[in-house]
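Enquirer: First the structure, which I've put down as C-alpha cells, then a few questions once you've had a look.
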Amino acid sequence: MSIKRIGILTAGGDCPGLNAVVRAVSKNALKHGVEVLGFKNGFDGLVRNEFINITNHTVSGILTLGGTILGSSNIANPFNYTLPPFGSPETPRDLSSVVMHNFKENRLDALITIGGDGTLHMSQQFVDMGMPIVAVPKTIDNDLSATDQTFGFDSALAIATEAIDRLHTTAQSHHRVMIVETMGRYAGWIALRSAIAGGGDIVLIPEIPYNDDVIVNAILERKNRGKNFSLVVAAEGAKNERGEQAVARTVAGSTDAIRLGGIANKLSQMIEDKTGIESRACVLGHTQRGGTPTAFDRWLSTLYGAKAFDMVLEGKFGYMAALHAFKMTEVKISDAISNLKRVDPHGEEVRAALEVGMSFGSAEIG
C-alpha cells in the first residue's frame, strides 16, 4: 500500500528514550516523503483529535532529551474513558469509535504506538477493530517477554545503581540500614540488577516472597561479622509470604488502577523495631523515569524507531518491533502481551547474587 501520512503517540508512563524513538520514526518517515502527525498525550490525543505536525525541525535536538515532546497519559483509555468533558470515573465511556473516526478523518495510513503493557493491550484492541498499527515496546520494568530488552530500562538501572552507590557511603558512616525502593510492579529486574551492580546485601523482588524474620536475621548476621550497616534493595511490587504488597492508592480509569508504593518505609520501621538498628527509607520513584537516556538507550531507541517505520512500509500491522540477539525483528502484538518476562527464582542471576552473599529475604531461596 502507498503510505502518505502516519500518526505516532507515546502512552503510559514516561521514560528516557521516548523522544529518541519519536525522532527515529519521524526522520525515517520524512525521508520517504511521509507526513507525520504526533498525537498529544497518548490515546487522549486521538480522542480529542489533538496533534502536532512533526517536521525535521520538531525533532531536532531531542535525541538526548528525557520525557516526551508529545506528552503521555496512563489513564486515557479510549475503551474506558474517564476524563472530562467526555467521561468521568463514575461514568466511564467507550470512545473507541471516536478514535477510529479521527484516525480516518485525518487520512492516516498507519499509527505507531509507543508504550508498555497497557498501551499494547489497547493497540491490539484497535488492531482487532481494523486499525493498521505498529507498536514499539516501552517499559523501564523490562518485563515484556517478546523482546530481549525494552528501552528506558538501562537508564532506570543506571539511576538506581548510582543511588545505591551514594547510599552505601551514608549507611556505612552512620551504621544504618538503608532501604532503597525501586520501581518494578510485577518483575524485579531493576531491583535485582541494581542490587548486584551496587553491592546490595538484601534484595526483595516480586518473584520471591520475603519473610520479615529472614531479613532481620540476615542483618543481624552481618552485624555479628562486624558489618554495622546493610543495604536493602526492594522493588515496589515485592510481596511477603502472605502475598501482601504495599499499596499506596488506587486510580480510577487507569489500565492498572493499583498504585504500589511504601514498602521501603514499611520495612524501615519493621527492621528498626526488631533489630534496634537505625533504619532509613529512600524511595527513588520517578527519578528512575526522568532525565537523559543512557548511550545504550539512545542506541536502542533509534533502532526501535527506525524499525517501526520500516514495518509500516512493509505492511507489518498488528506487529511490535522487538530486539532479539541484538538484531531488530518483529513479533505479533498479541504474542507480546501474552506473558510477562519475570525473574527466574532459580535462574543464573539469582544464583550469582546468592553466590556473592546476597539474601532474598526468603528461607526457600538460598
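The values are calculated or read from the model by the stated rules, or taken from the named source; none is laboratory data. This is a predicted model, so every value here is computed, not measured. Here the Cβ is made from the backbone with ideal geometry for all residues, glycine too, and neighbour counts use every protein chain on show. Ligands, DNA and RNA are stripped out before the accessible areas are found, and what is left, the full protein with its side chains, is counted by its heavy atoms. Shrake-Rupley method; radii C 1.70, N 1.55, O 1.52, S 1.80 Å.
Enquirer: Determine whether region 345-365 contains at least one residue that is open to solvent by 70 Å² or more (accessible area, probe 1.4 Å) and of a type in the set (F, W, Y).
Expert: no
Enquirer: A further question on this structure: Checking K239 against (1) in contact with a Pro (Cβ under 6 Å, 6 or more places away or on another chain); (2) under 19 Å from Q149 (Cα atoms), which single condition isn't satisfied?
Expert: It fails just one condition, (2).
Enquirer: Taking T10, is it open to solvent by less than 20 Å² (accessible area, probe 1.4 Å) and out of contact with any Asp or Glu (no Cβ under 6 Å at 6 or more places or on another chain)?
Expert: Taking the combined requirement at face value, the residue satisfies it.
Enquirer: Scanning for something open to solvent by 10 Å² or more (accessible area, probe 1.4 Å) and either hydrophobic (A, V, I, L, M, F, W, C) or not in a loop (DSSP other than H, G, I, E, B) (or both), does region 231-239 turn up at least one residue?
Expert: Looking for residues that are open to solvent by 10 Å² or more (accessible area, probe 1.4 Å) and either hydrophobic (A, V, I, L, M, F, W, C) or not in a loop (DSSP other than H, G, I, E, B) (or both), one finds none in region 231-239, hence no.
Enquirer: Next question, about the same structure. Does at least one position in region 106-114 carry a residue that is more than 18 Å from I52 (Cβ to Cβ) and open to solvent by 70 Å² or more (accessible area, probe 1.4 Å)?
Expert: No: region 106-114 contains no residue that is more than 18 Å from I52 (Cβ to Cβ) and open to solvent by 70 Å² or more (accessible area, probe 1.4 Å).
Enquirer: List, please: which pairs have Cβ atoms under 8 Å, are six or more places apart or on different chains, and start with a residue in region 345-366 that is over 13 Å from V203 (Cα atoms) and end with one that is surrounded by fewer than 17 Cβ atoms within 10 Å (Cβ to Cβ) and not small (G, A, S)?
Expert: A363/N211
Enquirer: Let me ask something else. From the list R225, R242, R166, R193, exactly one residue is within 19 Å of V356 (Cβ to Cβ) and without any contact (Cβ under 8 Å) to a residue 60 or more places away in the chain. Which is it?
Expert: After ruling out the rest, the residue left standing is R225.
Enquirer: What is the one condition in (1) at pLDDT below 90; (2) open to solvent by less than 60 Å² (accessible area, probe 1.4 Å); (3) within 25 Å of H346 (Cα to Cα); (4) charged (D, E, K, R) that E244 does not satisfy?
Expert: If we test E244 against (1) at pLDDT below 90; (2) open to solvent by less than 60 Å² (accessible area, probe 1.4 Å); (3) within 25 Å of H346 (Cα to Cα); (4) charged (D, E, K, R), just (2) comes out false.
Enquirer: I need the full set of residues from region 34-46 which are assigned to a helix (DSSP H, G or I) and open to solvent by less than 10 Å² (accessible area, probe 1.4 Å), in order please.
Expert: Filtering region 34-46 down to residues assigned to a helix (DSSP H, G or I) leaves 43-46.
Answer for region 34-46, where residues must be assigned to a helix (DSSP H, G or I) and open to solvent by less than 10 Å² (accessible area, probe 1.4 Å): F43, G45, L46.
Enquirer: Take K31 and tell me if it is modelled with pLDDT of 95 or more, crowded, with 18+ Cβ neighbours inside 10 Å and among the basic types (K, R).
Expert: Taking the combined requirement at face value, the residue does not satisfy it.
Enquirer: Return the pair list, or none, for Cβ contacts closer than 7 Å from residues in region 311-329 that are farther than 18 Å from F296 by Cα and touching a residue at least 40 places away in the same chain (Cβ under 8 Å) to residues that are open to solvent by 10 Å² or more (accessible area, probe 1.4 Å) and in a loop (DSSP other than H, G, I, E, B), at least 6 apart or on different chains.
Expert: V312/I3; L313/I3; G315/M1; F317/P132; M320/A146
Enquirer: Give the number of residues within region 1-18 that are farther than 19 Å from D117 by Cα, of a type outside the set (V, I, T) and at pLDDT 95 or above. Can you show your working first?
Expert: Within region 1-18, the subset farther than 19 Å from D117 by Cα is 1-7.
This time we only want the ones that are of a type outside the set (V, I, T), so: 1-2, 4-5, 7.
Retained after the next criterion (residues that are at pLDDT 95 or above): 4-5, 7.
Residues meeting the conditions: 3.
Enquirer: State all residues of region 211-243 that are within 23 Å of the chain's Cα centre (by Cα), under 27 Å from D154 (Cβ atoms) and of a type outside the set (D, E, K, R); if no residue qualifies, say none.
Expert: The answer is V232, V233, A234, A235, G237, A238.
Enquirer: Any residue in region 276-297 that's within 19 Å of A191 (Cβ to Cβ): show its pairings with residues that are of a type in the set (K, R) and not in a loop (DSSP other than H, G, I, E, B) at Cβ separation under 9 Å, as long as the two are six or more apart or on different chains.
Expert: Close Cβ pairs satisfying both conditions: A281/K266.
Enquirer: On to the next question. When region 9-44 is examined, which residues are found to be within 30 Å of P84 (Cα to Cα) and more than 21 Å from the chain's Cα centre (by Cα)?
Expert: Answer for region 9-44, where residues must be within 30 Å of P84 (Cα to Cα) and more than 21 Å from the chain's Cα centre (by Cα): V36, L37, G38.
Enquirer: Do any strands (runs of 3 or more DSSP E) lying entirely in region 258-343 carry at least 1 residues that are buried (at least 17 other Cβ atoms within 10 Å of the Cβ) and under 16 Å from the mean Cα position of the chain (by Cα), and which ones are they?
Expert: Numbers: elements: 258-260, 279-283, 319-324, 327-332.
So the answer is 258-260, 319-324.
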